[in-house]
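One structure below.
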Amino acid sequence: MAVLFGLIFMAYPAICEDAEQTETNVIGEVEMISESDVSEEMDELRGSDIKVQKADQYLAEKGFVPNEEITKDNFFGLKQSYAGLKDGMETEGTYELLIQEYSNTDSENAAAVGRTVVRVADGNMSEYTFVLEAPKTNVSQIAEYYVAESAGELEIMAANSWWTCMLGQLPVIGEECASGLETCASENSSIVGYLGCIATNCGEGFAKSSVCCSCDCNNWCEWAYGCCHM
């Protein structure tokens, strides 16, 4: 079951100043995906998606295992759907963010695997699979890695990407959102719990920031999602 998070009229100039927007009338409906559904989707991806498998393997080699208990500290997800006009044509798009916590009792770090997907009706899509690590004593100090393709092989590479972009966007939403970046760290020892807390403080702005931080600045996603990329 996905829970309605809010209706958003997509007007991105304040958040995505660098995007060249096609004039469009777009309404986005944001849904918070239930922890059980995120768990199910991540299980399916570990069985079928080579990039998620690579991220899982990377953490397994460091002694981490996926947290399976269905709690808000272990799973976070959101989905946003769009319908509107682009160049006079009706078109649709969807965005999805999934994150699962991993644990290692012998490590001083917390860790999580995440995936974003941007899709539009004509079949174009862009996905980003990433790993987040942070000290358990201060989960705001997140290091981001992503699954990259190089010479036909998959590699885990350090990144200043989705999360770096989010850090640039969230403070401009408002004081409560900006303060949540620090206060949520003192209230959580898991990365997923930290991100969920920030999302609560930031409201619909978290979803809008995540969407435009995930668009790769190609016109096919930029028309609806905006682009404040990475």
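For this structure, a couple of remarks:
- Full-extension gain in nm, Asn124 to Glu155, via 0.36 nm per residue minus C-alpha separation: 8.8 nm
- Distance (nanometres) between label positions extended 7 Å along Cα→Cβ at Asp43 and Ser186: 3.8
- Under 5 Å between amide hydrogens, built in the peptide plane, is the criterion, and for Tyr102 it picks out Asn67, Ala111, Ala112, Val113 among residues at least 5 positions away or on other chains.
- Label corresponding to percent of Cα pairs over 32 Å apart when calculated from the structure given, among [x] 35; [y] 15; [z] 26: [y]
- Summed over qualifying helices (DSSP H, 4 residues or more, each -39500 (n - 2.57)) and divided by its residue number, the chain shows a 222 nm mean residue ellipticity of -10000 deg cm²/dmol.
- Virtual paramagnetic centre 7 Å along Cα→Cβ of Asn219, amide N under 18 Å, in the range 116-143: 120-126
- Residues with amide H under 5 Å from that of Phe76, placed H, sequence gap 5 or more: Ile99
- 3J(HN,Hα) from dihedral phi, the range 35-45, Karplus parametrisation 6.51/-1.76/1.60, rounded to Hz, x for glycine, proline: 4, 5, 6, 4, 4, 5, 5, 5, 4, 5, 5
- Candidates per GluC sites (Glu not before Pro) in the range 76-131, loop by DSSP, up to 15 other Cβ within 10 Å: Glu108
- Using C-alpha pairs under 8 Å with a sequence gap of at least 6, the mean separation divided by the residue count of the range 150-230 gives a relative contact order of 30 percent.
- Applying 0.36 nm per residue to the separation of Ser36 and Ser107 and subtracting their alpha-carbon distance, the gain on full extension is 22.9 nm.
Rule-based calculations on the coordinates, nothing more; no lab input. All figures in this text were calculated on a predicted structure; none of them were measured in a lab. Positions of Cβ are generated from backbone atoms using ideal geometry, with glycine treated the same way; all protein chains shown enter the neighbour counts.
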